[in-house]
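**Student:** Questions regarding the structure given below will be posed in turn.
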Amino acid sequence: MSASLQRILYVEDEVDIRTVAKLALEAVGGFAVEVASSGDEALLRVREFVPDLLLLDVMMPGMDGPATLRAVRALSETEAVPAIFMTARALPGEIAALKAEGALGVITKPFDPMALADQVRALWEARDG
C-alpha cells in the first residue's frame, strides 16, 4: 500500500474553488489533477483517469460527496480508491460521519492553497498506520 500519490480526481461544483485547488495541487504539490464538476461527471472521468485518490466536495447539487464516493466504489476498477472530503461544514459529528463513509480524512474550507497539497499528502501517508 505504499504506492506514491500522483493522480487525484477532484470533484467540486464551484468553479472558482475548483480552479484554485487544481492549480494549488498541481503547482505546489506536483500532482496530476483531473477535475469534475459533479458526481455524475466524476463517474465518467474516474474510469479513464483511474486516480490514486478522490478529493470530494461534500455539498454538491444532485449527487453529494458521500453518494459520489459510494458510486465510485461500486465500480470494480475503483472500489479501493481512497478518498478525502472537503467541506465548509466541519462539525465533529459530520467529520465522524464522513470518516465512517471510508474517507481518509476531511479538509475544511476555506483551505489555504499553499498548504492544500501538504494536507492531502499527510492524510494519504497516515492511511497505512
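**Student:** Could you please find all residues in region 101-112 being over 23 Å from Pro61 (Cβ atoms) and either in contact with a Cys (Cβ under 8 Å, 6 or more places away or on another chain) or open to solvent by 60 Å² or more (accessible area, probe 1.4 Å) (or both)?
**Tutor:** Passing the criteria: only Asp112.
Condition check ((1) farther than 21 Å from Val20 by Cβ; (2) without any contact (Cβ under 8 Å) to a residue 24 or more places away in the chain; (3) of a type in the set (Gly, Ala, Ser)) across all residues:
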{"site": "Met60", "(1), (2), (3)": "no, no, no"}
{"site": "Met86", "(1), (2), (3)": "no, no, no"}
{"site": "Pro92", "(1), (2), (3)": "yes, yes, no"}
{"site": "Ala122", "(1), (2), (3)": "no, yes, yes"}
{"site": "Arg127", "(1), (2), (3)": "yes, no, no"}
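**Student:** When Val15 is evaluated against the numbered criteria (1) within 21 Å of Gly105 (Cα to Cα); (2) of a type in the set (Val, Ile, Thr); (3) modelled with pLDDT of 95 or more, which criterion, by number, is the only one it fails?
**Tutor:** (1)
**Student:** Can you tell me which of Ala115, Ala71 is open to solvent by less than 60 Å² (accessible area, probe 1.4 Å) and free of Cβ contacts under 8 Å to residues at least 24 places away in the same chain?
**Tutor:** That would be Ala115, the only listed residue that is open to solvent by less than 60 Å² (accessible area, probe 1.4 Å) and free of Cβ contacts under 8 Å to residues at least 24 places away in the same chain.
**Student:** Go through region 34-53 and count every residue that is without any contact (Cβ under 8 Å) to a residue 40 or more places away in the chain and open to solvent by 10 Å² or more (accessible area, probe 1.4 Å).
**Tutor:** Going through region 34-53 one residue at a time, the tally reaches 11.
**Student:** For region 95-115, give me the residue count where each residue is touching a helix residue (DSSP H, G or I) at 6+ places or on another chain (Cβ under 6 Å) and either closer than 15 Å to Leu69 by Cβ or among the aliphatic types (A, V, I, L, M) (or both).
**Tutor:** 5
**Student:** Do the conditions hold for Ala122, that is, is it closer than 28 Å to Ala27 by Cα and under 14 Å from the mean Cα position of the chain (by Cα)?
**Tutor:** yes
**Student:** One residue is enough: does region 54-65 have a residue meeting the conditions at pLDDT 95 or above and in a helix (DSSP H, G or I)?
**Tutor:** Yes, because at least one residue in region 54-65 is at pLDDT 95 or above and in a helix (DSSP H, G or I).
**Student:** Tally up the residues in region 76-93 that are open to solvent by less than 60 Å² (accessible area, probe 1.4 Å) and over 12 Å from the mean Cα position of the chain (by Cα), please.
**Tutor:** So the count comes out to 3.
**Student:** Looking only at region 72-88, count every residue that is in contact with a Ser or Thr (Cβ under 9 Å, 6 or more places away or on another chain), of a type outside the set (S, T, N, Q) and modelled with pLDDT under 95 and tell me the total.
**Tutor:** 1
The values are calculated or read from the model by the stated rules, or taken from the named source; none is laboratory data. From a predicted model like this one, the values you see are computed outputs, not experimental measurements. Backbone-built Cβ (ideal geometry, glycine too); neighbour counts: all protein chains shown. For the accessible areas, the whole protein counts, side chains as well, though only heavy atoms, and no ligand, DNA or RNA atoms are used. Shrake-Rupley method; radii C 1.70, N 1.55, O 1.52, S 1.80 Å.
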